[in-house]
1. Is there a quick way to get the dipole size of the stretch 94-147? I mean about its Cα centre, with the Cβ of Lys and Arg at +1 and of Asp and Glu at -1; what is the value in debye to the nearest 20?
2. Could you tell me which of 263, 306, 247 has its Cα farthest along the dipole of the stretch 202-309 towards the positive end, charges placed at Cβ (Lys, Arg +1; Asp, Glu -1), taken about the Cα centre?
3. Can you compute log10 of I(q)/I(0) for the stretch 237-295 with the Debye formula, treating each Cα as one identical point scatterer, at q = 0.27 Å⁻¹?
4. Mind ordering 139-145, 285-291 by average Cβ neighbours within 10 Å, highest first?
5. Based on the Cα atoms of the stretch 190-309, what semi-axes does the equivalent ellipsoid have, where each is the square root of 5 times one gyration tensor eigenvalue, given in whole Å with the largest first?
Amino acid sequence: MRSGCTACASGYDRGMGSVETSTTRRAQALDRLRRLRDCELRSPRDSTPARVAYRQANDPMYPPAPPPLSYEEALRAEEAAPANERSLIAEGIRLSQEVVTGEWRRQLMQWLPEVTSHTTTLLQRQALDGWHPTGTGTLVAARGLLTEDGFTPVHDIASDRRGWPVWQREVWLHPEGLLGVIYARLPDPARTESNGEPVVEQIRVFYQGELVDEGLLIAAVAPGSTWNREPERGLIVVHGSFTAYPHYHGSLRVRLAVLRACLDLITPWRHPVHVGFGPDAETTAERTAILSELPNQVYELLGPMLLPT
């Protein structure tokens, strides 16, 4: 059974259906982020300045603070930003906007790195995503997280591996243009773990969308993403993936909300996305075979841009 704040688990209002606009989705995503932050600040409060300062001084998971930029480095950084903006303007590409401003933006930009990175605590993942207090992820919990967000299961990937570990993988699809993969490890028969149920190692989400707010994206999701300029449309399309672990790294719910706040998700995908399926699909041939087995509804929604990693 999952625990955590009930407000965190309340999901999105999807009543508007096909007439729902990107503005409405963005407003819902920002409201979702506000509720998630309020939930975490009630308990466990690990993102408060006092807790962050303590963990920076005592937690080995926190890397040393980077040294301050030299005068020359700061000057180059200051000169690079306008040059990049001039390049975008010359190509007719819209500049990044701020979908939230003022004090709320400052609070959000301070909070997001604390709940979407490798320094995110187990108590934060428990509060925000409802994982078990021990960090063990069950298929029931993982499926619940994706279902509440609007994903539906579309394919099970068979494992041909003999011996342990044996992997169970499920592919999930979201009508807004998201592809999710649950990676679960069957329990070791030589050990007693997870009451004999598969142990979820990770949930990976692949996405593609038109960039709106670069700052929010960088604060929570951007590592591992690819940016594509589209001068003919006057915008930038960002695609990539992120991974949520029950026992490690940041919140799935938070990053899904950030995606909807800072990108306009698109279907079909317009740029190739390399999709991986975990340690049981280690060669390009194996990954290509899995892609060929996905049902038509995946390609009807996302198009032909799914490629093996």
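1. 120 debye
2. My answer, from the dipole projection, is 247.
3. Each listed q maps to, in turn, -1.12.
4. Highest to lowest by the protection proxy: 139-145, 285-291.
5. Output for the stretch 190-309: semi-axes of 28, 21, 11 Å.
Only the coordinates and a few stated rules stand behind these numbers; no lab work does. Every value quoted in this text rests on a predicted model; they were computed, and no experiment measured them. Cβ: placed from backbone, ideal geometry, glycine included. Neighbour counts: every protein chain shown.
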